[in-house]
Amino acid sequence: MLLDSGTSNLLSVQRALDHVGADVVIADQPSMLDDADRLILPGVGAFGHCVANLIENGLFDAVLDYARRERPLLGICVGMQMLFDGSEEFGWNDGLGLLPGRVQPIPMSGADGGRHKIPHIGWATLERSGPDWAGTFLEGFGRDRAVYFVHSFSARPEAVSDILAFADYDGIQLTAAVRRDNIMGTQFHPEKSGQAGLGILSRFLAM
Amino acid sequence: MLSTRIIPCLDVDKGRVVKGVNFVDLVDAGDPVEQARLYDAAGADELCFLDITASHEGRDTIFDVVRRTAEQCFMPVTVGGGVRNLDDIRNLLLAGADKTAINTAAVTNPDFVGAAALKFGSQCIVVAIDAKRVDRDGKTAFEVFTHGGRRETGIEAIGWAQRMAELGAGELLLTSMDRDGTKAGFDLELTRAIADAVPIPVIASGGVGTLDHMVEGVREGHASAVLAASIFHFGTYSIAETKAHMRAAGLEVRLDI
C-alpha cells in the first residue's frame, strides 16, 4: 500500500511498484491502512509540509498505528526523514518518532574543509554500515551499484545500529538507508534509480 | 562519492523529437519516448526534454510524452520550455517529471522561482540560464538572454545565478549562447564563474563537440553535470563511450546500469 502523502513523487513510486509486479493501493484515508500488509511512505519537498499533509488527512496517527502492528514500513526520501524524531528544516518540525534521531542540514563542506554543492544531487554507491545486509532490503546489493539522491538535509540516527548504509560525500557520511525491525527507509529514490532501485523495491515487497 | 551526471537533452516539438538519432533498432525515431528508453538502457544518468512547441494547441503533447516516458524509464526526468506558472509545474510533475526548468518566466518574474520552490520543493526547480558574452565599457561581461539568445535582458549573469539560488532553485542549467551549436566546447570561463559563485549544482550546456569537452566542463568549468544534445543524437558518441572517457580521465561516473 502506498500512502498518499500529497507529494509529487507518489505516481513515480506507484509506477515503479507496478513495474515490479506489486498490487498497489493508494491510501488517502486512515482506515485504509488497516488492511495493508506493506506500507510505503513517499515524500519530497519540505519536511514540515510533508508532516502537515499527513496530519491534515489523519494519516499521521494511522502510520503510527500501522507501525505498531509490526508490518513492513518503507519511507522514501523525506518519507524516510519523517520516521525520525524531527527535522531542523525551516525551523524544528516533529516527525513520526519511530526512529530516534534528528534530520539536519548536510554539512556545507567535505572532510577536507572544501565547500561542496548542496543539494546533494546525483548517483552514488552505498557504503555498508555494520556487518551484513543479509535479511534486509539491501541483501545482495552490489558495491558498485549506484542509486539516485536529491536532498539538502540528512538524518542523523542516534542508534548506529539503525543505519544500514551511507553515501560518501567528500568524506562526509550521509545516512542512505535505515532499518530497525519493521521500520525501513531510504534517503535515495529507488523509484528513480533504474534497475538497482527496482531491485530494492522488489526485495522490500518480498519481506 | 557522487558521480558526474551525463544528461542527454531531447528537443521536442508537438510531441516529436526534432533532432533525431539514427538508432538502428528504433521503431519510431521521432518518438521521444523511444529515444528516452534507449538513453535509459544506455546508462544516461538523467534525461532532459526541452519542449520547443511554439503553438498553444501543441503544448499538451509534452504531458503525454512525459507520462509515457515515466511509465518505462525509472530515471530522473527534467522538462523545460514554456514553464510559466505553478500549474505548468504541477501538471508536469503529475505527468511524471521530476524537475522542471524555468527560463523566461524567471526573468519576467523572479519571485515565481521562490513561489515554485516553496510549493514543490527546491529539488524540482531548475533555473535555466542562457548567457552570452557582452562588451561592457571595454570589458567582457556575461549577460542573461532569453528567447533562444535573441533577446537581451541587461541582467548580469553571475549575480542573477546567485539570486536564483537564494530564491530556492535546486540547480542551474547554464547554457552558453555563444557556444551553443558550435561544437567548440563549453564556455569554461562562464561555467566556472557561475559554478564557483553559487552553492547549488550547475549543469553545463552548450558547445560540446568532443569527449574532452565533457571532461573540461567538470575539471575546469567546475560543473556537477554535463548536458549535450547533438553529439548523442547524431550518434557521434554513445553514453558508454562518454563515460569510459570520463572515467579514464579520472572522473567519477556511474558505470553500472
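A compact table of results
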item: Chain A: most fluctuating residue of A:I163, A:I118, A:I183 per GNM, C-alpha cutoff 10 Å; result: A:I118
item: Percent carbon-and-sulfur accessible area, segment A:2-206, ignoring ligands, DNA and RNA, probe 1.4 Å; result: 46 percent
item: Exposed GluC sites (Glu not before Pro) absent: longest stretch of chain A, with sites in DSSP loops and at most 12 other Cβ within 10 Å deemed exposed; result: A:71-157
item: Counting all C-alpha pairs of the protein assembly as shown, share separated by more than 37 Å (%); result: 22 percent
item: Ellipticity estimate at 222 nm from DSSP helix runs (n ≥ 4, -39,500 (n - 2.57)) divided over chain A, nearest 500; result: -6500 deg cm²/dmol
item: Amide H partners (placed H, <5 Å) of B:I155, local residues excluded; result: B:V144
item: Residue mean of other protein chain beta carbons inside 10 Å, A:115-128; result: 6
item: Whole-Hz ³J(HN,Hα) from phi, Karplus 6.51 cos²θ - 1.76 cosθ + 1.60, for segment A:120-127, glycine and proline x; result: 7, 10, x, 9, 9, 7, 9, 9
item: Integer Hz, Karplus 6.51/-1.76/1.60 couplings in order for segment A:142-154, x for Gly and Pro; result: x, 5, 8, 7, 10, 10, 9, 10, 8, 6, 10, 10, 9
item: Where B meets A: accessible area buried, both sides, 1.4 Å probe, Å²; result: 2700 Å²
item: Rounded accessible area of A:S161 (nearest 10 Å², 1.4 Å probe); result: 100 Å²
item: Within a Gaussian network of chain A (alpha carbon springs, distance under 10 Å), most fluctuating of A:D112, A:D65, A:D181; result: A:D112
item: Cysteines having no other Cys beta carbon under 4.7 Å from their own, within the protein assembly as shown; result: A:C50, A:C77, B:C73, B:C124
item: Karplus-derived HN-Hα couplings along segment B:123-134 (A = 6.51, B = -1.76, C = 1.60, θ = phi - 60°), whole Hz, x at Gly and Pro; result: 4, 10, 10, 9, 9, 8, 10, 9, 10, 9, 6, 9
item: Whole-number percent relative contact order across chain B, with pairs defined as alpha carbons under 8 Å at least 6 apart; result: 19 percent
item: Of A:K117/B:K119; A:K117/B:K99; B:K14/B:K183; B:K14/B:K243; A:K117/A:K192; B:K132/B:K243, those spanning more than 24 Å from alpha-carbon to alpha-carbon; result: B:K14/B:K183; B:K14/B:K243; B:K132/B:K243
item: For segment B:166-257, the spread of Cα positions along each principal axis, largest first, Å; result: 37, 30, 20
item: Antiparallel DSSP beta bridges within the protein assembly as shown, percent to nearest 5; result: 45 percent
item: Chain B - mean residue ellipticity at 222 nm from DSSP helices (-39,500 (n - 2.57) per run, n ≥ 4, rounded to 500); result: -10000 deg cm²/dmol
item: Rounded to the nearest 10 Å², the accessible area of B:I155 at probe 1.4 Å; result: 40 Å²
item: Segment A:2-206: radius of gyration and largest Cα-Cα distance (Dmax), Å; result: 15.7, 50
item: Gain in span if fully extended, B:R90 to B:K183, counting 0.36 nm per residue against the direct Cα distance; result: 30.0 nm
item: Antiparallel DSSP beta bridges within segment A:2-206, percent to nearest 5; result: 65 percent
item: Amide H partners (placed H, <5 Å) of A:S109, local residues excluded; result: A:H116
item: Cβ neighbours within 10 Å from other chains - mean over A:138-150; result: 3
item: Relative packing of peptides A:77-86, B:178-187, A:31-40 - highest average C-beta neighbours within 10 Å first; result: A:77-86, B:178-187, A:31-40
item: For B:T210, solvent-accessible area (1.4 Å; no DNA, RNA or ligand), Å²; result: 50 Å²
item: Shape category assigned to segment B:96-207 from the gyration tensor of Cα positions, a/c cut at 1.5; result: prolate
item: Per residue solvent-accessible surface (Å²) - chain A, probe of 1.4 Å; result: 37 Å²
item: Within a Gaussian network of chain A (alpha carbon springs, distance under 10 Å), most fluctuating of A:G142, A:G91, A:G185; result: A:G91
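The values are calculated or read from the model by the stated rules, or taken from the named source; none is laboratory data. The model shown is predicted, which means the values in this text are computed figures rather than measured ones. Note that each Cβ is placed from the backbone with ideal geometry, even for glycine, and that neighbours are counted across all protein chains shown. These area figures cover heavy atoms from the full protein model, side chains too; ligands, DNA and RNA do not enter into them. Shrake-Rupley method; radii C 1.70, N 1.55, O 1.52, S 1.80 Å.
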